[in-house]
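Comments concern the structure below.
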Amino acid sequence: MEKDVPAPDPSCLRNGAGGVLYGEFSDSQNDSLRYSVSLSESALTIQRISSSPDRTNVVFNLTDCVGCRAYRAPDSGDVGAYFTAYFYPFKRRWMSAGVARQRVEQCFRVALVQDPSANLQEAERWARAIRDASALQAPRADGAVYAEVRRPCRVMILVNPNSGRGQALQLFSGHVQTMLTEASVPYKLVITEAKNHARELVRKADLTQWDALVILSGDGLLFEVINGLMDREDWQQAIQTPLGILPGGSGNALAASVHHYSQAPPAWNEELLLSCGFMLCKGLVGCMDLVSVHLSSRQRLFSFLSIAWGFVADVDVESEKYRHVGAIRFLMGTLVRLATLRVYQGRLAYLPIDETSKIQKGNSSPMSLCSPLPCRVIPKSPNQNSVLRCSSTNSNQNTISKTSIETQSDGKTKALLLDSLLPSLDQPVPESWTVVKEEDFVLVLAIYQSHLAEDLWTAPGALADDGVIHLFYVTGGISRPALLRLFLAMEKGAHLDCGCPYLMYEKVKAFRLEPLTPQGMIAVDGETVEYGPIQAQVHPGIARLICG
């Protein structure tokens, strides 16, 4: 973040003394304004050269820098060259309280000699030094372990033009495209044309051509991408392709969660987009859990966000008719569903996490993990990105490396991720599972990210790779006002402090839900699936997520 600091003595910084690069340049718009510029390992310091004795420095933290470029003067008669650095520091909002990332551009004119080529060479030297230094100053959250995508990162960006209010393409051209250009990130833009287009695309794609897959949409498009990757015969390698999320839908739950994990102040709308775009440009990669979901038809899906039945699923699905109004569709759907509150009958059972591996309430490190998954960088061939592999240190989470073999219709065999915790749906749950006595539910929600929407902080203790399914359920008997209070409190993650006797919360590794009410809806990552018995288990850290 830019700030004022006392001016150092520039005489000791010349020629790179003390590890600091120093130069004097003019303003890009006014050649009479001169600045002394120094670059250290962590900051770019700018001071106006004047006769005033009270001079202060403006310091830009390289953690906030996404790139820097050098270029010739647009006027062929100008012998000077230019370099421009792009920063996204936290600055106070113009119209409201708090801070958010805001774009700041710093441009300087280099005219040390009358040789345009020599000036350009000097500008390129500065641009390269700024880029290299900023790459080493990525914003790492406390306690988190990262790898980095290959640089320059080759990105495929998938956009659903109909997501949210239908503004995804405008968001790309208005914000994302600029940031990618500033960070020198080459990309290919793919506009999805129909449901499951993205799933089929990534299922067949040559992933060696891409260092990351980025989704600019709501959460539904990422659901397609993940299941397309897991459909592949080489799913073990495919699912390690780093995935990025840019909010372009209505809910934007994963984008809000990724922003939250970065320990940045809350952000919404375009501020959230800038935050996620910034993290994409910085290119840090962490682990992400996936949840294997079994339906009664024997279909198997992979989920990154949530499984919902009852009130939450009803609101999510029924509010589709209000999609044109954006994120407020969920508030409208909530009010409509509260007016005709339903109670569903069903059976719920779950496998709780071990007492020894539970996340301790009040842990001083917000990024501390339940059963930590240490990560190490394993380089691939020179033409591919580094791969982040996670190895479990908990014997109860060793299922991520287990596979089973399936014979396909063409006679070939395919290794499948083994769900060792789940019995067949037609078999009773093991004795080690907890069976919920109640059979009247208003909602059941299994979530494995912190946020269910931009403004719903549903699982305050959740992390992308904590190896936990956060299971919430609300039993019958709750009043409409009490349920509304829970959702209002959820905006600040305070719903667990409400003391509501109808709200239950458990950390689990697997669960099973058997609806008894003949009609209803079940949503996986916001997408409607067949109604009936469903069960799921978590696979810690098998996917890769661009985060910060």
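Pairs under 9 Å by beta carbon, first residue under 14 Å from Asp455 (Cα atoms) and open to solvent by less than 60 Å² (accessible area, probe 1.4 Å) in region 482-497, partner assigned to a helix (DSSP H, G or I) and charged (D, E, K, R), six or more apart or different chains?
Between residues of region 482-497 that are under 14 Å from Asp455 (Cα atoms) and open to solvent by less than 60 Å² (accessible area, probe 1.4 Å) and residues that are assigned to a helix (DSSP H, G or I) and charged (D, E, K, R), the close pairs are Ala489/Asp497; His495/Arg485.
Filter region 532-548 down to the residues that are crowded, with 24+ Cβ neighbours inside 10 Å and either free of Cβ contacts under 8 Å to residues at least 24 places away in the same chain or part of a loop (DSSP other than H, G, I, E, B) (or both) and list them by number.
Listed by number, the residues that qualify are Cys547, Gly548.
For region 183-206, which positions are in contact with a strand residue (DSSP E or B) (Cβ under 9 Å, 6 or more places away or on another chain) and of a type in the set (A, V, I, L, M, F, W, C)? Steps first, answer last, please.
Step one: list which residues in region 183-206 are in contact with a strand residue (DSSP E or B) (Cβ under 9 Å, 6 or more places away or on another chain), which gives 183-192, 197-198, 201-202, 205.
Scanning region 183-206 gives Ala183, Val185, Leu189, Val190, Ile191, Ala198, Leu201, Val202, Ala205.
Go through region 107-164 and give me each residue that's in a helix (DSSP H, G or I), among the polar types (S, T, N, Q) and touching a Gly at 6+ places or on another chain (Cβ under 7 Å). Let's see the steps before the verdict.
Let us first name the residues in region 107-164 that are in a helix (DSSP H, G or I), namely 116-135.
Retained after the next criterion (residues that are among the polar types (S, T, N, Q)): 117, 119, 121, 134.
Residue satisfying the conditions is Asn119 alone.
When both residues are 6+ apart or on different chains and their Cβ atoms are under 6 Å apart, which pairs have a first residue that lies in region 184-197 and is touching a residue at least 60 places away in the same chain (Cβ under 8 Å), and a second that is assigned to a loop (DSSP other than H, G, I, E, B)?
Listed by first residue and then by second, the contacts come to Ser184/Pro152; Val185/Cys153.
Taking the conditions exactly as written (out of contact with any strand residue (DSSP E or B) (no Cβ under 9 Å at 6 or more places or on another chain) and either surrounded by fewer than 19 Cβ atoms within 10 Å (Cβ to Cβ) or not basic (Lys, Arg) (or both)), does Asp75 satisfy them or not?
yes
Is it true that Leu452 is at pLDDT 95 or above, of a type outside the set (Phe, Trp, Tyr) and open to solvent by less than 30 Å² (accessible area, probe 1.4 Å)? Before the answer, list the steps.
Working: at pLDDT 95 or above: yes; of a type outside the set (Phe, Trp, Tyr): yes; open to solvent by less than 30 Å² (accessible area, probe 1.4 Å): no.
No: the conditions fail for Leu452.
Only one of these is open to solvent by 70 Å² or more (accessible area, probe 1.4 Å), within 21 Å of the chain's Cα centre (by Cα) and not acidic (Asp, Glu): Val145, Val176, Val155. Name it.
On the way: Val176 fails: open to solvent by 70 Å² or more (accessible area, probe 1.4 Å); Val155 fails: open to solvent by 70 Å² or more (accessible area, probe 1.4 Å).
It is Val145.
List pairs: first in region 29-47 and under 14 Å from Gly19 (Cβ atoms), second assigned to a loop (DSSP other than H, G, I, E, B) and among the polar types (S, T, N, Q), Cβ under 6 Å, 6+ apart or cross-chain?
Cβ pairs passing all conditions: Ser42/Gln137.
Could you check Ser134 against (1) within 29 Å of Phe83 (Cα to Cα); (2) out of contact with any strand residue (DSSP E or B) (no Cβ under 7 Å at 6 or more places or on another chain) and say which number it fails?
(2) is the only condition that Ser134 fails.
Restricting the search to region 389-440, which residues are more than 25 Å from Gly467 (Cβ to Cβ), loosely packed, with under 11 Cβ neighbours inside 10 Å and either among the basic types (Lys, Arg) or at pLDDT below 65 (or both)?
Listed by number, the residues that qualify are Thr407, Gln408, Ser409, Asp410, Gly411, Lys412, Lys437.
Condition first: among the hydroxyl-bearing types (Ser, Thr, Tyr) and touching a residue at least 24 places away in the same chain (Cβ under 8 Å). Now tell me which residues in region 160-177 satisfy that.
First, pick out the residues of region 160-177 that are among the hydroxyl-bearing types (Ser, Thr, Tyr): 163, 173.
Once the filter is applied, which keeps residues that are among the hydroxyl-bearing types (Ser, Thr, Tyr) and touching a residue at least 24 places away in the same chain (Cβ under 8 Å), region 160-177 yields only Ser163.
Output the qualifying pairs, or none if there are none: Cβ atoms under 8 angstrom, residues six or more apart or on different chains, first residue in region 145-159 and farther than 24 Å from Asp465 by Cα and modelled with pLDDT under 85, second residue open to solvent by 40 Å² or more (accessible area, probe 1.4 Å) and assigned to a loop (DSSP other than H, G, I, E, B).
Pairs that qualify, where the first residue is farther than 24 Å from Asp465 by Cα and modelled with pLDDT under 85 and the partner is open to solvent by 40 Å² or more (accessible area, probe 1.4 Å) and assigned to a loop (DSSP other than H, G, I, E, B), are Pro152/Ser184; Pro152/Pro186.
What pairs come out if I take residues in region 57-85 that are over 17 Å from Asn119 (Cα atoms) and pair them with residues that are surrounded by fewer than 18 Cβ atoms within 10 Å (Cβ to Cβ) and of a type in the set (S, T, N, Q) whose C-beta lies under 6 Å away, six or more apart or interchain?
Going by the 6 Å Cβ cut-off, the qualifying pairs are Leu62/Ser42; Leu62/Gln137; Thr63/Gln137; Gly67/Ser184.
Select from region 210-239 the residues that are more than 18 Å from Val285 (Cα to Cα) and polar (S, T, N, Q) and list them in ascending order.
Here is the first cut: in region 210-239, the residues more than 18 Å from Val285 (Cα to Cα) are 217-221, 223-224, 227-228, 230-235.
Residues satisfying the conditions are Ser217, Asn227.
Answer yes or no: is there a residue in region 88-101 that is buried (at least 19 other Cβ atoms within 10 Å of the Cβ), within 16 Å of Leu39 (Cα to Cα) and either of a type in the set (Lys, Arg) or touching a Phe, Trp or Tyr at 6+ places or on another chain (Cβ under 9 Å) (or both).
No, region 88-101 contains no residue that is buried (at least 19 other Cβ atoms within 10 Å of the Cβ), within 16 Å of Leu39 (Cα to Cα) and either of a type in the set (Lys, Arg) or touching a Phe, Trp or Tyr at 6+ places or on another chain (Cβ under 9 Å) (or both).
Would you point out which residue out of Leu272, Leu305, Leu301 is under 15 Å from the mean Cα position of the chain (by Cα) and either under 25 Å from Ala415 (Cα atoms) or free of Cβ contacts under 8 Å to residues at least 24 places away in the same chain (or both)? It would help to see each step written out before you state the result.
Numbers: Leu272 fails: either under 25 Å from Ala415 (Cα atoms) or free of Cβ contacts under 8 Å to residues at least 24 places away in the same chain (or both); Leu301 fails: under 15 Å from the mean Cα position of the chain (by Cα).
That would be Leu305, the only listed residue that is under 15 Å from the mean Cα position of the chain (by Cα) and either under 25 Å from Ala415 (Cα atoms) or free of Cβ contacts under 8 Å to residues at least 24 places away in the same chain (or both).
Which ranges mark the helices (runs of 4 or more DSSP H) fully within region 213-314 that have 2 or more residues being open to solvent by less than 10 Å² (accessible area, probe 1.4 Å) and within 22 Å of Glu148 (Cα to Cα)? Walk me through it before giving the result.
Details: elements: 219-231, 235-238, 253-261, 269-282.
The qualifying helices (runs of 4 or more DSSP H) are 219-231, 253-261, 269-282.
Got a sec? Which of Gly548, Gly520, Gly541 is at pLDDT below 95 and not aliphatic (A, V, I, L, M)?
Numbers: Gly520 fails: at pLDDT below 95; Gly541 fails: at pLDDT below 95.
Gly548 is the lone residue from the list that is at pLDDT below 95 and not aliphatic (A, V, I, L, M).
The values are calculated or read from the model by the stated rules, or taken from the named source; none is laboratory data. Please read these numbers as outputs of a predicted model, since none were measured by experiment. Quick reminder, even Gly has a Cβ in these numbers, built from the backbone with ideal geometry, and neighbours come from all protein chains shown. With ligands, DNA and RNA removed, areas are computed over all heavy atoms of the protein, side chains included. Shrake-Rupley method; radii C 1.70, N 1.55, O 1.52, S 1.80 Å.
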